[in-house]
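Colleague: Structure provided below as structure tokens; questions to follow.
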Amino acid sequence: MDSVSKKVETPVLIVGAGPVGLGLALELSWRGIPCMLLEQRDGTIKTPKLGAIGLRTMEICRRWGIAERIRQTPFRRDYGLNMVFCTNIAGHFLARHPYPSLEEDAAPAESPEKKWRCPQLWFDPLLSQCVKEYDSVDLRYRTRVDSFRQEGDRVITEITDLETGRQETVIAQYMVGCDGAGSTVRNQLDIGMEGTPTLDHSAAIFFRSSALLASHDKGEAERYLFFGPKGFWGNISAMDGRELWRLTVVSNAEQVEQVCRDADQWVRRGIGRDDVPFEVLSALPWRRSQLTAKRYGEGRVFLAGDSAHTMSPTGGFGMNTGMGDAVDLGWKLEAMLKGWGGPALLDSYSAERLPIGVRNVNASAHNYFALKSVKDCAVIEESSAQGEALRSEVGDAIALATHTEWETLGIHLGYRYENSPICVPDGSTADADSPRFYVPTTRPGHRAPHAWLADGRSTLDLFGRGFVLLRLGATPPDTSAFSAAASACGMPLTVVDISSPAIAGLYERALVLVRPDGHCAWRGDAMPENPQQIIDTVRGVAPAGHKAG
């Protein structure tokens, strides 16, 4: 090993190449920003954690041009995605939430996309391949971050190649920690977490069984959720709709390691029969928590994904929340690196995303508590009149209690950036923030609504590269002053005219300014008195406390 470590430079250093780190690298590369992406592991997925790609994440992937590639991954398109509650797969039936297969499902009216089933087995490798297609990304697996420090306008990081032992010094203008719940980056910044550290300890058991589907009468399901005498104890989730499955067992700190050692026994309990062949592929203990970082960064170092928030997987919000972090941060880093972002722009990242992290962390915990809400299950497995009556009662109760885990349009599309320093409030009142229901609106801070344009594109396809000023209706105001103000400071702004009365009604105002991440920044029926103030606010230049409009 050289006595003096090599020095390399990059605009952005990303630590952690899970789905959020890979997503941020894609977002930056799509924007023409070079970056380095480091991952201590080798990228192999031994125990898949995430299974579902949420609706908003699919919209983001549509922007990157990879949504169709996700739809081509191997999960069986005609496999029924019901939610089935039972004592075990071969045991007593309790309730069912019916849901169509990927093939039968349709995109909701509020989006050009629909959620997709793409477990981490394929999602991470696909993102990695997409990242490698950009020459501007230096992706390195088996590379450890040893330490970092901030000096003026740069972050200096010491790294080690774990295969060769070679050490290097990386000099970056910005650094983002996407390195998971035990984040090295967050810990070195000494940023604490708030919430509940432990909801439970669980085991994830990944197994193969091509015989499982034909071994029971419950039908196809995305998830089979199990209830025993002590209530909810675990579930089996479909990983490919054919032969790959993941069993989650709810346990505690003292017993979870033993659950992993006894993985075969637990798989048999979940299946409910001893004659169904299977092969355990891996078993991983993990801690279910309800935590959000106190702040999402310090100086030129930021946190995204599980390094900023850890949540119960009930609802599948974790990775999807992290992708929202990546998209919010990505355009702001581009603005700073290209010189048109103001000093307050990066401060808005924590101001906007931390409340969404708290919201989604708490929603996930609510879903978990709903599963655990049925307590009296003592005779649920008995083949008796008392057992039958209890199963009917528990089935009705648990089906009602868990709707907010499966019906989540509001979670994915309805989040909004209240009190954002880079959005211009118009005095309107927000609709209730419901996990289940979403009301399209252009109220500043909200996601700009989807509508189909005459040429077959979605309105969402207009957004991403820079700011977009929509002029809606038959006679929109003259906006040349907006364009001149943006041009003067180098802020990218495209003006788009939409005459459709239906879209004009959906967008509520004659003028709507949409940010690069697809969220509305300002709206009005007439030009503001000082458009330069609007432009300065949305790019982070306006002084604190300044009110534009």
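Colleague: Taking D396, is it part of a loop (DSSP other than H, G, I, E, B) and among the acidic types (D, E)?
Modeller: No: the conditions fail for D396.
Colleague: Could you say which residue among G466, G490 is in contact with a Ser or Thr (Cβ under 9 Å, 6 or more places away or on another chain) and closer than 15 Å to R539 by Cα?
Modeller: It is G466.
Colleague: When region 356-382 is examined, which residues are found to be without any contact (Cβ under 8 Å) to a residue 40 or more places away in the chain and part of a loop (DSSP other than H, G, I, E, B)?
Modeller: The answer is S373, D376, E382.
Colleague: Inspect region 87-101 for any residue being modelled with pLDDT of 95 or more, on the phi < 0 side of the Ramachandran plot and under 19 Å from the mean Cα position of the chain (by Cα) and give the result as yes or no.
Modeller: No: zero hits.
Colleague: In region 356-367, is there at least one residue being crowded, with 19+ Cβ neighbours inside 10 Å and over 14 Å from the mean Cα position of the chain (by Cα)?
Modeller: yes
Colleague: Given the structure, is M83 assigned by TED's automatic domain parsing to the domain that holds K338 and either part of a strand (DSSP E or B) or in contact with a Lys or Arg (Cβ under 9 Å, 6 or more places away or on another chain) (or both)?
Modeller: no
Colleague: May I pose another question? Condition (residue is part of a helix (DSSP H, G or I) and within 21 Å of C178 (Cβ to Cβ)) applied to region 283-305: is it met by at least one residue?
Modeller: yes
Colleague: Shifting gears a bit: From R416, R391, grab the single residue that is of a type in the set (D, E, K, R), closer than 30 Å to Q533 by Cβ and buried (at least 19 other Cβ atoms within 10 Å of the Cβ).
Modeller: The match here is R416.
Colleague: For region 435-549, please list each of the strands (runs of 3 or more DSSP E) lying entirely inside it that holds at least 1 residues being of a type in the set (D, E) and in the same structural domain as K332 (by TED's automatic domain parsing).
Modeller: none
Colleague: Criterion first (farther than 29 Å from L390 by Cα and touching a residue at least 24 places away in the same chain (Cβ under 8 Å)) does K230 satisfy it?
Modeller: no
Colleague: Quick one: would you say G165 is on the phi > 0 side of the Ramachandran plot and surrounded by fewer than 18 Cβ atoms within 10 Å (Cβ to Cβ)?
Modeller: Yes: the conditions hold for G165.
Colleague: Right, here's the next one. Tell me which of these T73 doesn't satisfy, since it passes every other one: (1) out of contact with any strand residue (DSSP E or B) (no Cβ under 6 Å at 6 or more places or on another chain); (2) β-branched (V, I, T); (3) not in a loop (DSSP other than H, G, I, E, B).
Modeller: Condition not satisfied by T73: (3).
Colleague: For the structure I just gave you, tell me whether S101 is under 30 Å from R76 (Cβ atoms) and either of a type in the set (A, V, I, L, M, F, W, C) or surrounded by 16 or more Cβ atoms within 10 Å (Cβ to Cβ) (or both).
Modeller: Yes: the conditions hold for S101.
The values are calculated or read from the model by the stated rules, or taken from the named source; none is laboratory data. Predicted model, so just to flag it, every value in this text is computed and none were measured. Virtual Cβ from ideal backbone geometry, glycine too; neighbours counted across all protein chains shown.
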